[in-house]
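Before any comments, here is the structure.
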Amino acid sequence: MSQNALAGKPAPASMLVDLPRLMTAYFARRPDPTVAAERVAFGTSGHRGVSTAGSFNEWHILAVTQAVCDYRKSAGIDGPLFIGFDTHALSQAAFASAMEVLAANGVEARYQEGLGYTPTPAISFAILTYNRGRAHGLADGIVITPSHNPPDSGGFKYNPPNGGPADTDVTKGVERRANELLAAELAGVKRIPYGRAMAASTSQAHDFVEPYVADLPAVIDLEAIRASGLRLGVDPMGGASLPYWERIAERHRLPLTLVNQRVDATFSFMRVDHDGKIRMDCSSPSAMAGLVELRDRFDLAFGNDADADRHGIVTSDGLMNPNHFLCAAIEHLFSTRAGWPKAAGIGKTLVSSSLIDRIAGKLSRKLVEVPVGFKWFVAGLLDGSLGFGGEESAGASFLRMDGSPWSTDKDGLILDLLAAELMAKRGKSPSALYAELTRAHGAPLYARIDAPIAPEAKAKLSNLSPEQLDVSTLAGEPITQRLTKAPGNGASIGGIKLCTANGWFAARPSGTEDLYKIYAESFLGAEHLAALQREAKAIVDRVL
């Protein structure tokens, strides 16, 4: 992937988002529901867009929030709704719009006291904590965040009572109803002015921070970290995790140094990402260049994206590839969590490293391979049949020490703390443990490339059958698996995956651009990886 000339450098002033223009467009621009790009569209992480492009405006949030209220009523969900927002400029505006609708519909909405920011995992934690032991009056939640996306972006996610990202059957219904409301020029949307909404008895200030921070010893060995003497650096990257890291360091007396305590909606303190954009991607070497440059000050450092559902781990070797840390985290967790069920499996997305498969075999744990999207791990984390669920894009969560669920959404804070626990208890960094794992199981090379695809071909790629793939070898090896459905749950992967003994590739269309993504991994070296990529593109182009 080509690098922009500014990649890894401080963002110049000319690159910063025009906040007045962005906010004016949020309130003033009305989306056109006849234009596909301006309709509500729930992807793997909710509805996302940009106000100046007509894809994330007040009308979208009013319509989506009303659609959520309608869904709650139809599903019999009548407990409190926990709502949080991150530090993106559009997030607080969208929170105000959502509260106007929630209050008008009589929904008990609990928000962070002082109108503070709330990470995605804290919403999941709050839902599960409230619902534990209840059969009725269940809680659910909304997180207003575009995650790691650029400063001009907005996002809206719904989490049902299971605490995790809503499944497709829920989001499709919410999406359909929201677009009906847009087409009807919001006829059917209940709304009261913001001042009245916040003064309503159903709008309640709530402290998300203390319960989450206080309960961390149930999921992480904080005593081992505290006693280790490790020098730990944390970069909240201007996101919602900042007050959590401050409280974690204070309450648990951990040796944490916050290298950046600024919150700035332009994210002017960020380093430029690989493509020349500002992006709070804690798995990107370019975006994380500032923290990587400080690694000599710390034994271990880590960061989170704006809503803290992703993690980035920096050791003396530099920023760890997300796949590499998943491998180290899995080996450590399943070697140390004696309270977990013996049958608890390992969940991975089908485009995560196959080194995980080999580690699972060594640990004698069931491997559950699912399509892209954290929603596929929710049920397993909830019932304990999965000890860990993680994806290649640096999102994961895992069970409490006793085998009960902690969160059913991605939690970047506990993954960061897990890296510190691993180093404290094992006497080696996560990257050193990963190196040991590659010596035992093979050292894979992994890469993703993007290729153009016509819009009409995207649907064809999403619906391929194994019979259409008339090849028997891949990069010189016999094909051992042809997948269009995930082995772990039988769900469509929205593309194809071909495997051999020492490599694989997967191809799936982008949800937002006229591109398809080719993921490939080789255990035989760079030349073999390049061959996998070449043949993958040829196979896909041939069937399309």
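Take the Cα radius of gyration of segment 356-480 and divide it by 2.2 N^0.38 Å, with N its residue count; two decimals is plenty.
Numbers: Rg = 18.3 Å, N = 125, 2.2 N^0.38 = 13.8 Å.
Compactness ratio reported: 1.33.
Whole-Hz Karplus ³J(HN,Hα) for segment 195-209, in order, using 6.51 cos²θ - 1.76 cosθ + 1.60 and θ = phi - 60°, x for Gly and Pro?
Computed from phi, the couplings for segment 195-209 are x, 5, 4, 6, 8, 5, 5, 7, 8, 10, 5, 9, 9, 7, 5 Hz.
Can you work out the FRET efficiency for the pair Asp78 and Arg226, with r the C-beta to C-beta distance and R0 = 45 Å, to the nearest 0.05? Intermediate values should be presented prior to the final figure.
Values: r = 42 Å, r/R0 = 0.93.
That gives a FRET efficiency of 0.60.
Work out the length of the dipole vector of segment 195-257 about its Cα centre, built from +1 on the beta-carbon of each Lys and Arg and -1 on the beta-carbon of each Asp and Glu, and round it to the nearest 20 debye. Numbers along the way, then the final one.
Details: 6 positive and 8 negative charges, 25 e Å.
The calculated dipole for segment 195-257 is roughly 120 debye.
Express the relative contact order of segment 461-544 as a whole percentage, based on alpha carbon pairs under 8 Å and six or more residues apart in sequence. Walk me through the numbers before you get to the answer.
Values: 143 pairs, mean separation 21.2, N = 84.
Normalised by residue count, the contact order of segment 461-544 is 25 percent.
May I ask you to order 379-388, 477-486 by the average number of other C-beta atoms within 10 Å around their residues, highest value first?
Values: 379-388: 20.9, 477-486: 15.2.
Averaged packing, sorted descending, gives the order 379-388, 477-486.
How far is it, in nm, from the label point at Ala538 to the one at Asp264 when both lie 7 Å from their Cα along the line to the Cβ?
Label-label distance for Ala538 and Asp264, simple model: 5.0 nm.
Can you pull the one-decimal nm distance between simple spin-label points at Ser201 and Lys366, each 7 Å off the Cα toward Cβ?
4.8
Below 8 Å, C-alpha to C-alpha, sequence gap of six or more: please give me the relative contact order for the chain in percent. Please report the intermediate quantities before stating the final value.
Values: 1229 pairs, mean separation 73.5, N = 544.
Worked out over the chain, it gives 14 percent.
Once fully extended, how much extra length lies between Asp317 and Ser385, figured as 0.36 nm per residue of separation less the alpha-carbon to alpha-carbon distance? Please list the in-between numbers first.
Working: separation 68, 0.36 × 68 = 24.48 nm, distance 3.43 nm.
Residue separation times 0.36 nm, minus the Cα-Cα distance, leaves 21.1 nm.
Listed highest first by mean packing, meaning other Cβ atoms within 10 Å per residue, what order do 249-256, 494-501 come in?
Numbers: 249-256: 16.2, 494-501: 21.1.
Order by mean packing, descending: 494-501, 249-256.
So who's got an amide H within less than 5 Å of the one on Asn304, skipping anything under 5 residues away but keeping other chains? H placed 1.01 Å off N, in plane.
Asp235, Met237
What does the accessible area per residue of the chain come to in Å², with a 1.4 Å probe and no ligands, DNA or RNA counted? Mind dumping the intermediate values first?
Values: 19970 Å² over 544 residues.
So the chain comes to 37 Å² accessible per residue, rounded to a whole number.
In the chain, what percent of the accessible surface is made up of carbon and sulfur (1.4 Å probe, ligands and nucleic acids excluded)?
On the way: 9990 of 19970 Å².
Ligands and nucleic acids excluded, carbon and sulfur reach 50 percent.
Taking the mean number of other Cβ atoms within 10 Å as a proxy for protection, how do you rank 186-193, 60-67, 13-20 from highest to lowest?
60-67, 186-193, 13-20
Would you please give the FRET efficiency between Ala96 and Glu185, computed as 1/(1 + (r/R0)^6) with r the Cβ-Cβ distance and R0 = 25 Å, to the nearest 0.05? Write down the numbers at each step before the final one.
Values: r = 21 Å, r/R0 = 0.82.
Using R0 = 25 Å, I get an efficiency of 0.75.
Under the rule of at least 5 residues apart or a separate chain, name every residue whose amide H is placed under 5 Å from the amide H of His47.
The answer is Phe156.
Residue-wise, which Karplus ³J(HN,Hα) couplings in Hz belong to segment 433-446, taking 6.51 cos²θ - 1.76 cosθ + 1.60, θ = phi - 60°, and x for glycine or proline?
Whole-Hz 3J(HN,Hα) from phi for segment 433-446: 5, 4, 4, 4, 5, 5, 5, 7, 10, x, 10, x, 10, 10.
I need to check one value: relative contact order of segment 33-186, counting alpha carbon pairs closer than 8 Å and at least 6 residues apart, in percent.
Details: 269 pairs, mean separation 51.3, N = 154.
Answer for segment 33-186 is 33 percent.
If you plug each phi of segment 128-135 into the Karplus form 6.51 cos²θ - 1.76 cosθ + 1.60 with θ = phi - 60°, what whole-Hz ³J(HN,Hα) values come out, in order, with x for Gly and Pro?
Computed from phi, the couplings for segment 128-135 are 5, 5, 5, 7, 4, x, 9, 10 Hz.
For His136, His148, what's the largest-to-smallest order of accessible area, 1.4 Å probe? Kindly include the intermediate steps, with their values, before the conclusion.
Details: His136 150, His148 25 Å².
Accessible-area ranking of His136, His148, largest first: His136, His148.
State the label only: which of [x] 48, 28, 22; [y] 30, 29, 22; [z] 34, 29, 24 corresponds to semi-axes √(5λ) of the Cα gyration tensor in Å computed from the shown model?
Among [x] 48, 28, 22; [y] 30, 29, 22; [z] 34, 29, 24, the one calculated here is [z].
So if we plug the beta-carbon distance of Ser335 and Glu477 into 1/(1 + (r/R0)^6) with R0 = 35 Å, what FRET efficiency do we get, rounded to 0.05? Write out the running numbers ahead of the final one.
Details: r = 32 Å, r/R0 = 0.90.
That pair, Ser335 with Glu477, gives E of 0.65.
Quick check: net charge around Ala200, other residues with Cβ under 15 Å of its Cβ, Lys/Arg +1 and Asp/Glu -1? The partial results should precede the final answer.
Values: positive: Arg110, Lys190, Arg191, Arg196; negative: Glu100, Glu108.
Surrounding charge for Ala200 is +2.
The values are calculated or read from the model by the stated rules, or taken from the named source; none is laboratory data. Predicted model, so just to flag it, every value in this text is computed and none were measured. So basically every Cβ, Gly included, is an ideal-geometry build from the backbone, and we count neighbours across all protein chains shown. Areas reflect the complete protein model, heavy atoms only, side chains present, ligands, DNA and RNA absent. Shrake-Rupley method; radii C 1.70, N 1.55, O 1.52, S 1.80 Å.
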